[in-house]
Amino acid sequence: AQTVTQSQPEMSVQEAETVTLSCTYDTSESDYYLFWYKQPPSRQMILVIRQEAYKQQNATENRFSVNFQKAAKSFSLKISDSQLGDAAMYFCAYRSPSNYGGSQGNLIFGKGTKLSVKP
Amino acid sequence: DVKVTQSSRYLVKRTGEKVFLECVQDMDHENMFWYRQDPGLGLRLIYFSYDVKMKEKGDIPEGYSVSREKKERFSLILESASTNQTSMYLCASSFSPAGTRNTEAFFGQGTRLTVV
């Protein structure tokens with residue numbers, strides 16, 4: 001079974017600085033999808049960024065980028081120019097390809113990293 | 001805009017009550033999910049459904065059941081609520097991944113359930 005590990009329960013960053021959140025996963029599949037979700041105090045889970053395993057190029061969305069190391073099964077999130085609004089829980093998630101093990105797109109989540117942003 | 005709506009943000013129920021948590025999506029998604037979120041444990045899948053009237057158990061189905069009579073609605077049922085079911089419940093939906101790629105899940109705003 002696939003697992004997702006986020007080894008940093010809490011992180012802190014100064015406003016305007018850069019922070020990297022770690023995520024590792026375990027899988028025997030060669031094709032899969034990885035996501036970072038953000039959950040602010042409002043509780044609404046928001047997609048931050050996605051990565052397809054078949055793509056070598058790291059995904060980027062404005063100030064958010066990932067470092068995807070397929071061989072190492074690592075998927076870290078870098079937040080540049082951190083803003084107060086970035087303070088939230090961040091979850092790394094893995095999704096299998098279709099119909100694997102009877103699952104239909106189920107997301108497997110890590111336990112989350114709580115990010116604080118200091119003004 | 002994509003929307004997943006959960007019927008309540010906060011709910012307080014008594015031990016032994018039958019509890020219904022409702023979730024509606026307006027995106028014509030095939031898949032719908034119920035997760036439970038607890039501090040330090042992340043999100044754990046309770047049940048998911050990939051079509052009307054179809055359901056599959058997730059990682060922690062004990063004490064829960066689900067119903068999906070219409071494509072847009074997925075209900076989570078606590079047959080006899082217990083205090084250890086006090087938690088945050090998140091509903092999500094997505095397109096079926098079959099034949100498509102990159103189908104992330106969209107989430108509701110969560111229901112914080114307290115069982116007393």
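The values are calculated or read from the model by the stated rules, or taken from the named source; none is laboratory data. All values derive from a computational prediction rather than experimental measurement. In this analysis, Cβ positions are derived from the backbone assuming ideal geometry, glycine residues included, and neighbour counts consider all displayed protein chains. Areas reflect the complete protein model, heavy atoms only, side chains present, ligands, DNA and RNA absent. Shrake-Rupley method; radii C 1.70, N 1.55, O 1.52, S 1.80 Å.
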### Query
Restricting segment A:31-50 to residues that are exposed (fewer than 15 other Cβ atoms within 10 Å of the Cβ) and modelled with pLDDT of 90 or more, which is farthest from residue B:4 (Cα to Cα)?
A:40
### Message
All but one of (1) more than 10 Å from the chain's Cα centre (by Cα); (2) open to solvent by less than 30 Å² (accessible area, probe 1.4 Å) hold for residue B:57; state the number of the condition that does not hold.
### Response
(2)
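For segment B:66-88, enumerate the residues that are of a type in the set (Ser, Thr, Tyr) and farther than 19 Å from residue B:25 by Cα.
The initial filter retains those residues of segment B:66-88 that are of a type in the set (Ser, Thr, Tyr), namely B:67, B:75, B:80, B:82-83, B:86-87.
Matches in segment B:66-88: B:80, B:82, B:83, B:86, B:87.
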### Message
So for segment B:76-87 (the condition being within 11 Å of chain A (Cβ to nearest Cβ) and modelled with pLDDT of 95 or more), does at least one residue qualify?
### Response
no
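Is there a residue in segment B:93-106 that is within 13 Å of chain A (Cβ to nearest Cβ), open to solvent by less than 10 Å² (accessible area, probe 1.4 Å) and either at pLDDT 95 or above or over 21 Å from residue A:36 (Cβ atoms) (or both)? Lay out the reasoning, then the answer.
Taking segment B:93-106 as the starting set, the residues that turn out to be within 13 Å of chain A (Cβ to nearest Cβ) are B:93-106.
The next check asks that each one be open to solvent by less than 10 Å² (accessible area, probe 1.4 Å); those that pass are B:93-94, B:97, B:105.
Then drop every residue that is not either at pLDDT 95 or above or over 21 Å from residue A:36 (Cβ atoms) (or both), which leaves none.
So far as segment B:93-106 goes, no, none of its residues is within 13 Å of chain A (Cβ to nearest Cβ), open to solvent by less than 10 Å² (accessible area, probe 1.4 Å) and either at pLDDT 95 or above or over 21 Å from residue A:36 (Cβ atoms) (or both).
Just checking, how many residues over segment A:75-91 are open to solvent by 30 Å² or more (accessible area, probe 1.4 Å) and without any contact (Cβ under 8 Å) to a residue 60 or more places away in the chain? Before the answer, list the steps.
Step one: list which residues in segment A:75-91 are open to solvent by 30 Å² or more (accessible area, probe 1.4 Å), which gives A:78, A:80-81, A:83-85, A:87, A:89.
Next, from what is left, pick out any that are without any contact (Cβ under 8 Å) to a residue 60 or more places away in the chain: A:85, A:87, A:89.
The number of residues fulfilling the criteria is 3.
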### Query
How many residues does segment A:60-94 contain that are outside any loop (DSSP other than H, G, I, E, B), polar (S, T, N, Q) and within 12 Å of residue A:48 (Cα to Cα)?
2
### Task
Please specify each residue of segment A:30-52 satisfying the condition of being touching a Ser or Thr at 6+ places or on another chain (Cβ under 7 Å) and either closer than 13 Å to residue A:92 by Cα or among the hydrophobic types (A, V, I, L, M, F, W, C) (or both).
none
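Which of the following residues is within 13 Å of chain A (Cβ to nearest Cβ) and within 15 Å of residue B:114 (Cα to Cα): B:44, B:68, B:9, B:14? Write out each step before concluding.
Working: B:44 fails: within 15 Å of residue B:114 (Cα to Cα); B:68 fails: within 15 Å of residue B:114 (Cα to Cα); B:14 fails: within 13 Å of chain A (Cβ to nearest Cβ).
Answer to the selection: B:9.
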### Query
Any idea which of (1) open to solvent by 20 Å² or more (accessible area, probe 1.4 Å); (2) modelled with pLDDT under 95 is the one residue A:53 doesn't satisfy?
(1)
### Query
Restricting the search to segment A:67-98, which residues are of a type outside the set (Phe, Trp, Tyr) and within 14 Å of another protein chain (Cβ to nearest Cβ)?
A:88, A:89, A:92, A:93, A:95, A:96, A:97, A:98
### Query
Residues A:4, A:117: which one is in a strand (DSSP E or B) and within 9 Å of chain B (Cβ to nearest Cβ)?
A:4
### Summary
Of the residues in segment A:1-30 that are open to solvent by less than 40 Å² (accessible area, probe 1.4 Å) and farther than 14 Å from residue A:113 by Cα, the one that is modelled with the highest pLDDT is A:25
### Message
Please go through segment B:1-13 and give me each residue that is open to solvent by 70 Å² or more (accessible area, probe 1.4 Å) and part of a strand (DSSP E or B), ordered by number.
### Response
B:10, B:12
### Message
Could you go through segment B:14-37 and let me know if any residue there is open to solvent by less than 10 Å² (accessible area, probe 1.4 Å), under 28 Å from residue A:3 (Cα atoms) and not in a strand (DSSP E or B).
### Response
yes
### Task
Being at the interface with chain B (Cβ under 10 Å from one of its Cβ atoms) and either among the aliphatic types (A, V, I, L, M) or in a strand (DSSP E or B) (or both) is the filter; apply it to segment A:50-59 and report the residue that is farthest from residue B:108 (Cα to Cα).
A:52
